[in-house]
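The values are calculated or read from the model by the stated rules, or taken from the named source; none is laboratory data. Since we're looking at a predicted model, the values are computed, not measured. Here the Cβ positions follow ideal geometry from the backbone for every residue, glycine too, while neighbour counts run over all protein chains shown. With ligands, DNA and RNA removed, areas are computed over all heavy atoms of the protein, side chains included. Shrake-Rupley method; radii C 1.70, N 1.55, O 1.52, S 1.80 Å.
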Amino acid sequence: EAGVVQSPRYKIIEKKQPVAFWCNPISGHNTLYWYRQNLGQGPELLIRYENEEAVDDSQLPKDRFSAERLKGVDSTLKIQPAELGDSAVYLCASSVRGGPETQYFGPGTRLLVL
Amino acid sequence: AQSVAQPEDQVNVAEGNPLTVKCTYSVSGNPYLFWYVQYPNRGLQFLLKYITGDNLVKGSYGFEAEFNKSQTSFHLKKPSALVSDSALYFCAVREKGNTPLVFGKGTRLSVIA
């Protein structure tokens, strides 16, 4: 069974530029999560989807971040414009559903904003 | 709100010796508890979880963890460490319902040959 797929793996951009990350969850997983992991820290949730509905986006900085999950499968996370402080690893995870279900993580996208 | 503490930034252990990585948590109700491991330039890999039932949970790669409700702890253990266990370990907790999974800051385990 294929795991969570993310692309790109690495991205270097200059501040004020836009950037987008893509995630393909494990087949059959209805719940999809985007996390941000700063250096030396644990992941922090940005947004959670149940199918195509964003059910928890309270930690998403909505002035510059946006996300979508069309058709309840793949998801895209966008930053526009990027700031220096956005440099981090962006992780996508999926689970069969919410609650106590185990979340399975992709390899992440490492973003460096110069 | 739920929280997790991993009091040790770094744990060093000799190969073949037992290892323990500590985790304490704070929730208002009953917790769901998880351990993940992260290797360099990789995502988080699930090791084990406690939902309910037996306080001793066995997971992947010979790891186990003990849920202690009175001490609000969920320490990760392995009887005999391998050099290949060297990695970053994260404890995480969520309360019942659809609350977010909250991660600790991580503990770097170094197993020395």
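GNM, chain A, Cα, under 10 Å: largest mean-square fluctuation among A:Asp63, A:Asp86, A:Asp74? Greatest mean-square fluctuation among the candidates belongs to A:Asp63.
Average 1/r across all pairs of distinct alpha carbons in the stretch B:39-104, invert it, and you get the Kirkwood radius: 13.4 Å. Computed about its Cα centre, the charge dipole of the stretch A:25-114 is approximately 180 debye, with only Lys, Arg, Asp and Glu carrying charge at their Cβ. When nucleic acids and ligands are ignored and a 1.4 Å probe is applied, B:Lys22 ends up with an accessible area of around 90 Å². Per-atom-type breakdown for the stretch B:3-112 gives carbon and sulfur 48% of the accessible area (1.4 Å probe, protein chains only).
Towards the positive end of the charge dipole of chain B, with charges on Cβ (+1 Lys, Arg; -1 Asp, Glu), say which of B:Phe67, B:Gly97, B:Val21 has the farthest Cα. Of the options given, the answer is B:Gly97. With Cα atoms as the point set, chain B shows a radius of gyration and Dmax of 13.4, 43 Å. B:Arg42 exposes around 130 Å² of accessible area when a 1.4 Å probe is run over every protein chain in place.
Of the candidates A:Val89, A:Val55, A:Val19, which one comes out as most mobile in a Gaussian network treatment of chain A with C-alpha springs shorter than 10 Å? In this elastic network of chain A, the residue with the biggest mean-square fluctuation among A:Val89, A:Val55, A:Val19 is A:Val55.
Computed from the Cα positions only, the extents of the stretch A:5-113 along the three principal axes stand at 36, 26, 23 Å, in decreasing order. Here the translational diffusion coefficient of the stretch A:21-61 follows from Stokes-Einstein with Rh set to the Kirkwood radius across Cα pairs; for 10 °C and 1.306 mPa s it amounts to 142 µm²/s. Summing Lys and Arg as +1 and Asp and Glu as -1 over all other residues whose Cβ lies under 12 Å from the Cβ of B:Leu56 gives a net charge of -1. Net charge dipole, the stretch A:1-63: roughly 440 debye, given to the nearest 20, about the Cα centre with Cβ charges of +1 for Lys and Arg and -1 for Asp and Glu.
Relative to the Cα centre, the charge distribution of the protein assembly as shown, modelled as +1 at Lys and Arg Cβ and -1 at Asp and Glu Cβ, gives a dipole magnitude of about 240 debye.
Interface size, chains B and A: roughly 1600 Å² of accessible area buried, both sides included, 1.4 Å probe, rounded to the nearest 100. With a cut-off of 10 Å between beta carbons, the residues surrounding A:Thr109 carry a summed charge of +3, where Lys and Arg count +1 and Asp and Glu -1. Taking only the Cα atoms of the protein assembly as shown, the radius of gyration and Dmax are 17.6, 51 Å.
On the basis of the beta-carbon distance and an R0 of 41 Å, B:Ile51 and A:Ile12 show a calculated FRET efficiency of 0.50. The listed peptides B:44-53, B:60-69, B:83-92, ordered by packing as a protection proxy, come out as B:83-92, B:44-53, B:60-69 (highest mean of other Cβ atoms within 10 Å first). In percent, rounded to a whole number, the relative contact order of chain B is 38, using alpha-carbon pairs under 8 Å and six or more apart.
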